[in-house]
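Visitor: This is the structure, below, for whatever I ask next.
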Amino acid sequence: MTAIVFRNARLIDPEKGTDQIGSLGVKDGLIVEPQGLDGAEEIDCQGNCLAPGIVDIGVKVSEPGERHKESFRTAGLAAAAGGVTTMVTRPDTLPAIDTPEVLEFVRRRANEAAPVNVLPMAALTRGREGREMAEIGFLLDAGAVAFTDCDSVVTNTKVFSRCLTYAASLGALVVGHPQEPVLSAGAAATSGKFAALKGIPAVSPLAERMGLDRDIAIVEMTGARYHADQVTTERALRRLARAKDSGLDITAGVSIHHLTLNELDVGDYRTFFKVKPPLRSEDDRLAAVDAVASGLIDVISSMHTPQDEESKRLTFEEAASGAIGLETMLPAALRLVHSGQMTLPVLWRALSLSPAKRLGLSAGRLAPGTPADLVLFDPNAPFVMDRFKLLSKSKNTPFDEARMQGRVKGTWVAGRRITTNGA
Amino acid sequence: MSFRARHLLGIEHLAPDEIVTLLDQAETYVDLNRSDEKHDTALKGLTQINMFFEASTRTQTSFEVAGKRLGADVMNMHMQSSSVKKGETLIDTALTLNAMHPDLLVVRHPSSGAANLLAQKVNCAVLNAGDGRHEHPTQALLDALTIRRAKDRLHRLTIAICGDIAHSRVARSNILLLGKMENRIRLVGPPTLMPSGAADWGVEVCQNMEDGLKDADVVMMLRLQKERMDGAFIPSEREYFHRFGLDGAKLAHAKDDAIVMHPGPMNRGVEIDGTIADDINRSVIQDQVEMGVAVRMAAMKLLAQNLRATRPAPDVMA
């Protein structure tokens, strides 16, 4: 097995909270001390940043069912180009990933086609319909790392509490989507001046807090391990803080889009900015950024959701929700560093360390003995995003033509380089 | 005197001088429409397609009459019953029609932003005849012309817009237009039918008719959609009429010479008392219909003028 020594690297270590020039060794797929690696390949990083690869919870690959939107191969290539070394995939496919057989198919396809680590999540209820519990035990044995019905909220609280009770007994992680589903039905925007003027059906931002309040109560009732996929409003964040303080096993994520865009970006009904939950006010966006900086929000996700042109070339309320993000998450997240809102190690805590920890992975850090999943990037390289150059099959990014800073120079999974660009 | 717009998608992007230009042009068509020779050649040789994805007899007829009086070839597409039902997207439909080289595309659609979307994809002038709950610009323009003729001015008036503001594109376009012309606007209606954020629009929000109509020059009633009852927006039609329907007692709070408007079609006994709607001293509802044709003629004439200016001149040697 080959060894590598990265020299002259700006090492971003989210665990130690450090950002300093140094060297890093890799041997047999693991990170090792850089000294004494005879015959190792030497990589001069030229002062570029070397950080743990991103662990992205909530990637939709569209296999099975909608391979024309994204396959494991294209999602994997996009992930590699974006510095994502572990994709934690969503089960909201066609059919839903709700049996060990479908999960087996997903794992096989992922191994064949994707150059990065793929860890599948499975549905919490059959068909994500919120009525019958999925085979949580079998699915766990088959390799599911978490259970979620994605953006389909289990409205029946009896079913939801039983699912959480059962999951808790197995120590399984449940990922919820905090949203009051009846109040938010049909909404395509956050209520307020902008949505009202544009005539877009909208929902109060409080629908998120209502959903989170319910989920917190059921977590308290059942003792389940719970992760909220996206908390995007200031008022829900206050409830999250209280729940964490009370010692419940709760973590939360936020999408990169809610950290870098607000409701006004929709502008003239641009459907690439239609996401779930809808983009929020600038005050809520800033609250979410602060929460990432303080650690209240644990995880930043791309919420990668490929949609074809047809499903976006509709009026705003009819268009499909979701944006791709695997390849754009890193430069978009660097905006938070360039604007002075957080340091690189703090950002990487949310991009790699915390998501890995939540899933019980040893990846996501630079400690010797952990997997050599790494990304090398120039944090300052400027470029203008061209959506047609992205490797995803679907091109529905809100960052088309955006000016961005930060280019991936190389990505390694278990010590093996999986990109060919740059350095 | 100028009109620079390529499309008429909403009032939002019109400047006050463009609004005045359009209304002045419409005045000349009011006279034309009252004469025995109701013909002009402003749209001669041009093709106008009316694409109505939502049923509408009144607006569609108004656009059709307007186009015909100006000499356009007018076609009506009833989109509720055609290929749209077969799964064709709005854009595919538009591109199909675009290949037939229309010059003016009049669109009504149940989704907000539909006209904006079409305007990006076709190379003719698009007129928004109502998109979802976003805008209905020709309605606001015809209301403005009606007010200007009744009050001899279109500024410094107190105008009460009453009823279902939340779901009304007519209200949005009127608020924008009357605001641009520097009027005092009051929105009156139950809080369930008031859009969130309305207070940030530079208007006064009133929850009862007495406050809202006090000393108003213009009382504009909106249609209450029957299906609003299902969504628990209001308790019943009779309670709505009692609290927000326009009757003589409520109208008495407005100025003595206040005019009463309604975009039609009316629900008599729900948002407006029949005797007020028919009172020729107060109601200008029939004038609104008449002004509608003139305003649509003016809008299409001005857009056609801009359209011809952007097209390459024909090769005279050919």
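Visitor: Apply the a/c threshold of 1.5 to the C-alpha gyration tensor of segment B:129-216 and tell me whether it is rounded, prolate or oblate.
Guide: Oblate.
Visitor: Among the listed pairs A:274/B:226; B:38/B:68; A:60/A:312, which have their C-alpha atoms separated by more than 19 angstrom in this model?
Guide: Beyond 19 Å: A:274/B:226.
Visitor: Could you tell me the relative contact order of segment B:1-122? Use alpha-carbon pairs under 8 Å, at least six residues apart, and round to a whole percent.
Guide: Relative contact order comes out at 27 percent.
Visitor: Express the Stokes-Einstein translational diffusion coefficient of segment A:200-257 in µm² s⁻¹, to the nearest whole number, given a Kirkwood radius over alpha-carbon pairs, 4 °C and a viscosity of 1.567 mPa s. Spell out each step's value before the answer.
Guide: Numbers: Rh = 11.8 Å.
The Stokes-Einstein estimate is 110 µm²/s.
Visitor: How shielded is A:316-322 by partner chains, expressed as the average number of their Cβ atoms within 10 Å of its Cβ atoms?
Guide: Counting Cβ atoms of other protein chains within 10 Å of each residue's Cβ and averaging gives 4.
Visitor: Give the separation of the Cα centroids, segment B:180-209 to segment B:15-94, in Å.
Guide: Rounded to whole Å, the Cα centres lie 31 Å apart.
Visitor: Now for a different question. Going out from 0 in 5 Å bins, what whole percent of all Cα-Cα distances in segment B:188-318 drops into each bin?
Guide: Per 5 Å bin, starting at 0, the Cα pair percentages come out as 2, 9, 15, 17, 15, 12, 8, 6, 4, 4, 3, 2, 2, 1, 0.
Visitor: Taking only Cα atoms of segment A:1-131, what ratio of Rg to Rh do you get with Rh as the Kirkwood inverse-distance radius? It would help to have the intermediate numbers written out before the result.
Guide: On the way: Rg = 18.6 Å, Rh = 16.8 Å.
Answer for segment A:1-131: 1.11.
Visitor: Arranged from highest to lowest average of other beta-carbon atoms within 10 Å per residue, in what order do the peptides B:157-166, A:3-12, B:286-295 appear?
Guide: B:157-166, B:286-295, A:3-12
Visitor: Given the C-alpha atoms of segment A:80-189, compute the convex hull and give its volume per residue in Å³. The partial results should precede the final answer.
Guide: Values: hull volume 13.3 nm³, N = 110.
Expressed per residue, the convex hull around the Cα atoms of segment A:80-189 is 121 Å³.
Visitor: For segment A:187-300, take every pair of Cα atoms, bin their distances at 5 Å starting from 0, and report each bin as a whole percent.
Guide: Taking every Cα pair in segment A:187-300, the percentages come to 2, 12, 24, 22, 17, 12, 7, 3, 1, 0.
Visitor: Based on C-alpha coordinates, I'd like the Rg and Dmax of chain A, in Å.
Guide: Cα radius of gyration and Dmax of chain A are 20.4, 67 Å respectively.
Visitor: Just the Cα atoms of segment A:97-141, one point each, no solvent: what log10 I(q)/I(0) does Debye give at q = 0.17, 0.19, 0.26, 0.31 Å⁻¹?
Guide: These q points yield log10 I(q)/I(0) values of -0.48, -0.57, -0.88, -1.07.
Visitor: Related question: Mind checking B:103-116 for the average number of partner chain beta-carbons within 10 Å of each residue's beta-carbon?
Guide: The mean count of partner-chain Cβ atoms within 10 Å per residue comes to 4.
Visitor: Also, quick follow-up: With a ≥ b ≥ c the root eigenvalues of the C-alpha gyration tensor of segment A:309-396, is it rounded (a/c under 1.5), prolate (a/b larger than b/c) or oblate?
Guide: It comes out prolate by the Cα gyration axes.
Visitor: Follow-up question, since we're still on this one. Say R0 is 45 Å: what FRET efficiency, to the nearest 0.05, do residue A:16 and residue B:92 get from their beta-carbon distance?
Guide: 0.20
Visitor: List the residues whose amide H sits under 5 Å from the amide H of residue B:76, counting only those 5 or more places along or on another chain, with H placed 1.01 Å from N in the peptide plane.
Guide: It is B:50, by chain and number.
Visitor: I'd like the mean, over residues of A:194-207, of how many other protein chain beta carbons sit within 10 Å of each residue's own Cβ.
Guide: The per-residue average across the peptide is 5.
Visitor: Short version: ³J(HN,Hα) in whole Hz for each residue of segment B:51-60, in order, from phi by Karplus 6.51 cos²θ - 1.76 cosθ + 1.60 (θ = phi - 60°), x for Gly and Pro, what are they?
Guide: Along segment B:51-60, the couplings run 10, 10, 7, 9, 4, 6, 7, 5, 5, 5 Hz.
Visitor: Diagonalise the Cα gyration tensor of segment A:225-266 and give the resulting equivalent ellipsoid semi-axes, square root of 5 times each eigenvalue, largest first, whole Å.
Guide: Details: eigenvalues 114, 24, 6 Å².
Equivalent ellipsoid semi-axes, largest first: 24, 11, 5 Å.
Visitor: Okay, moving on. Report for the protein assembly as shown the percent antiparallel among DSSP-assigned beta bridges with both residues inside it, nearest 5.
Guide: Counting only bridges with both partners in the protein assembly as shown, antiparallel ones make up about 30 percent.
Visitor: A further question follows. For the protein assembly as shown, what mean projected area does the convex hull of the alpha carbons give, in nm²?
Guide: Average of the hull's projected areas for the protein assembly as shown equals 37.5 nm².
Visitor: A follow-up question, please. Taking a ≥ b ≥ c as the square roots of the Cα gyration tensor eigenvalues, with a/c under 1.5 meaning rounded and otherwise prolate when a/b beats b/c, else oblate, which class fits segment B:90-148?
Guide: In terms of gyration-tensor shape, oblate.
Visitor: Which whole-angstrom value gives the distance between the alpha carbon centres of segment A:365-400 and segment A:297-347?
Guide: Spelled out, the Cα-based centre of one part sits 12 Å from the other.
Visitor: From Cα pairs below 8 angstrom and at least 6 apart in sequence, can you work out the relative contact order of segment A:71-216, rounded to a whole percent?
Guide: Relative contact order, segment A:71-216: 18 percent.
Visitor: Please state the relative contact order of segment A:315-401 as a whole percent: Cα pairs under 8 Å, 6+ residues apart?
Guide: Relative contact order for segment A:315-401 comes out at 30 percent.
Visitor: Considering only DSSP beta bridges with both partners in segment B:35-184, what is the antiparallel share in %, to the nearest 5?
Guide: 5 percent
Visitor: Can I ask one more? Do the sum for the protein assembly as shown: with -39,500 (n - 2.57) for every DSSP H run of n ≥ 4, divided by all residues, what is the mean residue ellipticity at 222 nm, to the nearest 500 deg cm²/dmol?
Guide: The per-residue figure over the protein assembly as shown is -9500 deg cm²/dmol.
Visitor: Percent of alpha carbon pairs in chain B separated by more than 38 Å?
Guide: So the portion of pairs separated by more than 38 Å is 14 percent.
Visitor: With all distinct Cα pairs included, what does the Kirkwood hydrodynamic radius of segment B:36-83 come out to in Å, to one decimal, could you say?
Guide: Value: 11.4 Å, from the Cα pair sum.
Read-outs: derived from the displayed coordinates by stated rules, not from any lab. Computed from a prediction, not measured in an experiment: that's the story for all the values here. Glycine gets a Cβ as well: all are built from the backbone with ideal geometry, and neighbour counts include every protein chain shown.
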